[in-house]
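Note sheet for the following structure.
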Amino acid sequence: MAWLSEGALEALDLVTPVFCAGCGRLGSCLCPRCEAPLYEPPRLIETTAGELPVWAAASYEDETRRLILSWKRGRVDLAERILAAYRELADRWHAFDGDPVQVVVPAPSRWKRRASGLFVVGKAASAVGQSLGVDCADVLRERGHGHSGGRGALGRSRAAGAIRARTVALPRRALLVDDVVTTGVTLEHSAVALSEIGVEVRAAVVLAATPRRTKV
Ligand SMILES: [Zn+2]
């Protein structure tokens, strides 16, 4: 593009405008103000996932919610920016927690999401694995039409057994990765499923947590 004058580039920008996925401001796929919360220091989150420590960077609301939804719906220009935030989150978690893990496992996604190539949590887990210098193993699956979410006891009982881990030989200590944590049910059942194949989940890291769940 070196042959285009600055004026011509500006004109091109007007022809193919790029809007921030969070606030809609013109100029880039993710403006600095909307990107900043993804780089907050990881916080320990209050969940139903019992003893499992769950760490999150951002609060899942407003611009952060919009940009994560946009990424999950397949906005490709956003992907690399979000994966960079996951790499930073992994580094910071490691610095905080210091508990070495041997493998990174993405939380399960519905088969429709996988089939349509939108398994974004798999890409996030892969980025986290790169950052920590360990492998990523996509072994968790949702069983049948099992319901993995929902609040309260009903949601949890529906979720029981809804996630299984493929029986493969994995290192013993794992880190779970997901996009958003609400109740922690999916992470809890993922950890149970992994324990059934002899893998101990040391912690989970997610990009964002629904508000008012900070533990520390
Ligand atoms: Zn923005």
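The values are calculated or read from the model by the stated rules, or taken from the named source; none is laboratory data. Bear in mind the structure is a predicted one, so any value in this text is a computation, not a measurement. Virtual Cβ from ideal backbone geometry, glycine too; neighbours counted across all protein chains shown. What goes into the accessible areas is simple: the full protein's heavy atoms, side chains included, and nothing from ligands, DNA or RNA. Shrake-Rupley method; radii C 1.70, N 1.55, O 1.52, S 1.80 Å.
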### Message
Step by step: first the residues of the range 31-90, then only those that are over 25 Å from residue 115 (Cβ atoms) and β-branched (Val, Ile, Thr), then the one that is farthest from the ligand (Cβ to nearest atom). Which residue is that?
### Response
48
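Quick grid of which residues meet (1) in contact (Cβ under 8 Å) with a residue 12 or more places away in the chain; (2) out of contact with any helix residue (DSSP H, G or I) (no Cβ under 9 Å at 6 or more places or on another chain); (3) surrounded by 19 or more Cβ atoms within 10 Å (Cβ to Cβ):
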| site | (1), (2), (3) |
| --- | --- |
| 174 | yes, no, yes |
| 178 | yes, no, yes |
| 190 | yes, yes, yes |
| 196 | yes, yes, no |
| 201 | yes, no, yes |
| 204 | yes, no, yes |
### Task
Please tell me if residue 161 is at positive phi and buried (at least 23 other Cβ atoms within 10 Å of the Cβ).
no
### Query
Looking only at the range 97-139, which residues are on the phi > 0 side of the Ramachandran plot and not in a loop (DSSP other than H, G, I, E, B)?
none
### Query
Which residue out of 70, 109, 28, 59 is of a type in the set (S, T, N, Q) and within 30 Å of residue 170 (Cα to Cα)?
109
### Query
Within the range 97-116, restricting attention to residues that are modelled with pLDDT under 95 and under 16 Å from the mean Cα position of the chain (by Cα), which residue is surrounded by the most Cβ atoms within 10 Å (Cβ to Cβ)?
108
### Message
Pull out all pairs, ordered by first then second residue, where Cβ-Cβ is under 7 Å, the residues are six or more apart or on different chains, the first lies in the range 106-125 and is among the hydrophobic types (A, V, I, L, M, F, W, C), and the second is assigned to a loop (DSSP other than H, G, I, E, B).
### Response
118/74; 119/109; 121/107; 121/109
### Query
Within the range 109-131, is there a residue that is closer than 22 Å to residue 38 by Cβ and charged (D, E, K, R)?
yes
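Residues are listed down the side, and each one gets a yes or a no for (1) touching a His at 6+ places or on another chain (Cβ under 9 Å); (2) open to solvent by 50 Å² or more (accessible area, probe 1.4 Å); (3) under 23 Å from residue 211 (Cα atoms); (4) not in a loop (DSSP other than H, G, I, E, B):
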{"residue": "28", "(1), (2), (3), (4)": "no, no, no, no"}
{"residue": "35", "(1), (2), (3), (4)": "no, no, yes, yes"}
{"residue": "44", "(1), (2), (3), (4)": "no, no, yes, yes"}
{"residue": "58", "(1), (2), (3), (4)": "no, no, yes, yes"}
{"residue": "71", "(1), (2), (3), (4)": "no, no, yes, yes"}
{"residue": "83", "(1), (2), (3), (4)": "no, no, yes, yes"}
{"residue": "95", "(1), (2), (3), (4)": "no, yes, no, yes"}
### Pairs where the first residue, in the range 19-35, is over 12 Å from residue 64 (Cβ atoms) and the second is more than 7 Å from the ligand (Cβ to nearest atom) and open to solvent by less than 10 Å² (accessible area, probe 1.4 Å), C-beta under 6 Å, 6+ apart
29/78
